[in-house]
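Asker: Take this structure first; my questions come after.
The values are calculated or read from the model by the stated rules, or taken from the named source; none is laboratory data. Keep in mind that what you see is a predicted model, and the values were worked out from it rather than measured. Glycine gets a Cβ as well: all are built from the backbone with ideal geometry, and neighbour counts include every protein chain shown.
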Amino acid sequence: MNALNYAISLYEEDKCTFYILNAFQQDEISTPYLGETIYEQIKNTSETRLKKLMDGIVLKNDNSNHHFELISSYNTLWEAIKQTLENNDISIIIIGTLGETNSKNILFGSNTVSIIDKIKNCQLLLVLDTPD
């Protein structure tokens, strides 16, 4: 959330679109005949969380220069980012640094490290997060 708040503040005077991406995947142990049901549940959870996040953004941000697009992608994070970059005119990726563990002892989460390693054709801004 720090990364999003920082981006909104950084681009306060600029007309821009923020793409808020959530990548999700189904557990590999799911059985094929249950897969669609589990997929729908995971997808609905992803979309619900994005909408809840968007509701919070709308309450805090009434900047007419800002437009927000929510993207829920059934993919690995890297593949979802790659696809989002291919399908949209994105000039910079702004990402928080903490991973799922939210550890005080780790500067960058594994997804952040992976993105740093793979991003070649787009600017990347890392926003330091602080664990709760």
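Asker: Can you pull out the residues in the range 90-110 that are modelled with pLDDT of 85 or more and not in a loop (DSSP other than H, G, I, E, B)?
Answerer: I92, I93, I94, I95, G96
Asker: Right, another one. Within the range 33-49, how many residues are modelled with pLDDT under 75 and surrounded by 12 or more Cβ atoms within 10 Å (Cβ to Cβ)?
Answerer: 1
Asker: Another question, if that's okay. Take the range 78-89 and flag every residue that is in a helix (DSSP H, G or I) and surrounded by fewer than 18 Cβ atoms within 10 Å (Cβ to Cβ).
Answerer: Result: W78, E79, K82, Q83, L85, E86, N87.
Asker: Would you call D132 surrounded by fewer than 11 Cβ atoms within 10 Å (Cβ to Cβ) and either touching a Phe, Trp or Tyr at 6+ places or on another chain (Cβ under 7 Å) or modelled with pLDDT of 90 or more (or both)?
Answerer: no
Asker: Which members of the range 52-77 meet the condition of being assigned to a loop (DSSP other than H, G, I, E, B), surrounded by 14 or more Cβ atoms within 10 Å (Cβ to Cβ) and over 16 Å from the mean Cα position of the chain (by Cα)? Steps first, answer last, please.
Answerer: First pass over the range 52-77, keeping only residues assigned to a loop (DSSP other than H, G, I, E, B): 61-65, 75-76.
Filter once more, keeping what is surrounded by 14 or more Cβ atoms within 10 Å (Cβ to Cβ): 61, 63, 75-76.
Listed by number, the residues that qualify are N61, N63.
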